[in-house]
Amino acid sequence: MLVGVVGKPNVGKSTFFAAATLKDVPIADYPFTTIKPNVGVAHLVSECVCKEMGVTDAPRNSSCVNGTRHIPVRIVDVAGLVEGASAGKGLGNQFLDDLRQADALIHVVDASGSTDIEGKKVAAGSHDPIEDIQMVEREFDLWMFGILKRDWEKATRSLEQTGGKIIDHLAERLSGLSVSPADVEQVLLRMRLRTEKPSLWTDEQLMQFVAETRKLTKPSLLAANKADLPTSPQYIEMLRKTGKEVVPCASEAELLLRRAAEHGLVDYIPGSAGFTVRDGAKLTSAQAGALKMVEEKVMKAYGGTGVQDAINRSFFDLLKAIVVYPVEDETKLTDKEGRVLPDAFVMRGGSTALDLARTVHSELAEGFLYAIDARTGKRLAADHLLRNREIVKIVSSGKRG
Ligand SMILES: Nc1nc2c(ncn2[C@@H]2O[C@H](COP(=O)(O)OP(=O)(O)O)[C@@H](O)[C@H]2O)c(=O)[nH]1
Ligand SMILES: [Mg+2]
């Protein structure tokens, strides 16, 4: 699972990305090997099961800070999007290459209204961020539309002559965006489009099709950034009225806090509603002033910087992700080496016990017999739908079982 950080230029995407990916807690090894420069590791925070189970854990793929697990996930900083990007303007199609791999999007907007549609600085409060949202979504849709439109007449005529399926054709054209035939079918059904005569679809219908496909396959939330500025609350109010999920964010404040924590100046756990200056920390007056601003304009006003919340919500709300703890010994909650609750895996919602076996090791999946719920000791079948924070032992005839 990969979440993309998108938006027009100068809204604070890179600041958000830098803050979210700043290594804040010590972690042994990242489970991701090849990483492109604009792909980084952020963390989900989730209440660890250690307290409930009354054990002291020894995490390996994640870390546990005061009973909260920080579990690595990947996010990608997408190049800024401007009007005309779908036709190659600005960084043009680069953003689309970044976007296509993303499963969900954090759409960063400048909630202070201090950047125009191209991202140029203007008087605070003078630009309505809702226009930016429409622009970004429209560019994305126009780009998808362009992919389909390129050979539409020829392709649909040929499909109608040979009895080929429009669903397969559309899914094939959009496969680079991880759009499946089932996704296409769902959208077409909802729109009640006549699948036997695609050559009769109008451009408006095709645009509606791509917009619906985007919503289904790239669910998004709004990170209303620069929330610390005085002109932001009014726009945040307006953004909420769009019915979209809105998370007020102060990315710069989050970056400041994580850096200060890294340097041992403050105690701060991402996602929390406050921070404390460490005893004996020698702050310059500039640092003290900046922290005071964060306290007043961010922590007191919003109960947190929102960055961690946006990351969490993109996985848990948009992708319905769950955290699962695989163990070897379901009574001691250990792995082969006796480590207690070593791993916490982030999995897609709808994942099964067999999916978990696959994630742990392919041999476990091949010889899968059944799984055991460590809390109840009950057996779970291969198709058991995993629940968030479930602790599971896989029983397998495979070598690793
Ligand atoms: N006041 C305020 N400014 C911010 C915040 N986040 C980013 N900025 C500023 O917005 C400008 C653009 O940020 P950047 O991350 O480069 O934006 P990008 O072009 O979307 O990647 C920079 O001057 C940042 O310092 C924030 O939370 N509050
Ligand atoms: Mg940037």
TODO: Could you grab me the full set of residues in segment 338-359 that are modelled with pLDDT under 95 and either more than 25 Å from ALA102 (Cα to Cα) or not in a loop (DSSP other than H, G, I, E, B) (or both)?
DONE: THR359
Task: Single match in ILE117, ILE133 (criterion: open to solvent by less than 40 Å² (accessible area, probe 1.4 Å), among the hydrophobic types (A, V, I, L, M, F, W, C) and either away from ligand 1 (no atom under 13 Å from the Cβ) or part of a helix (DSSP H, G or I) (or both)) - done: ILE133
Open item on the list: What are the pairs with Cβ atoms under 7 angstrom where one residue, in segment 153-177, is under 16 Å from LEU216 (Cβ atoms) and the other, located anywhere, is at pLDDT below 95 and in a loop (DSSP other than H, G, I, E, B)? Sequence gap at least six, or different chains.
Closed with: ILE167/THR195; ALA171/VAL179; ALA171/SER180
Open item on the list: Suppose we filter GLU252, GLU295 for residues that are under 23 Å from the mean Cα position of the chain (by Cα) and either within 13 Å of ligand 1 (Cβ to nearest atom) or outside any loop (DSSP other than H, G, I, E, B) (or both); which single one remains?
Closed with: GLU252
Open item on the list: Of the conditions (1) in contact with a Ser or Thr (Cβ under 9 Å, 6 or more places away or on another chain); (2) not in a strand (DSSP E or B), VAL324 satisfies every one except a single condition; which number is it?
Closed with: (2)
TODO: Output the residue which, of all residues in segment 32-65 that are modelled with pLDDT under 90 and not in a strand (DSSP E or B), is nearest to ligand 1 (Cβ to nearest atom).
DONE: ASN38
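The values are calculated or read from the model by the stated rules, or taken from the named source; none is laboratory data. Note that the coordinates shown come from a computational prediction; the quantities given were computed from them, not determined experimentally. No Cβ is skipped: glycine too gets one built from the backbone with ideal geometry, and neighbour counts run over all protein chains shown. Ligands, DNA and RNA are stripped out before the accessible areas are found, and what is left, the full protein with its side chains, is counted by its heavy atoms. Shrake-Rupley method; radii C 1.70, N 1.55, O 1.52, S 1.80 Å.
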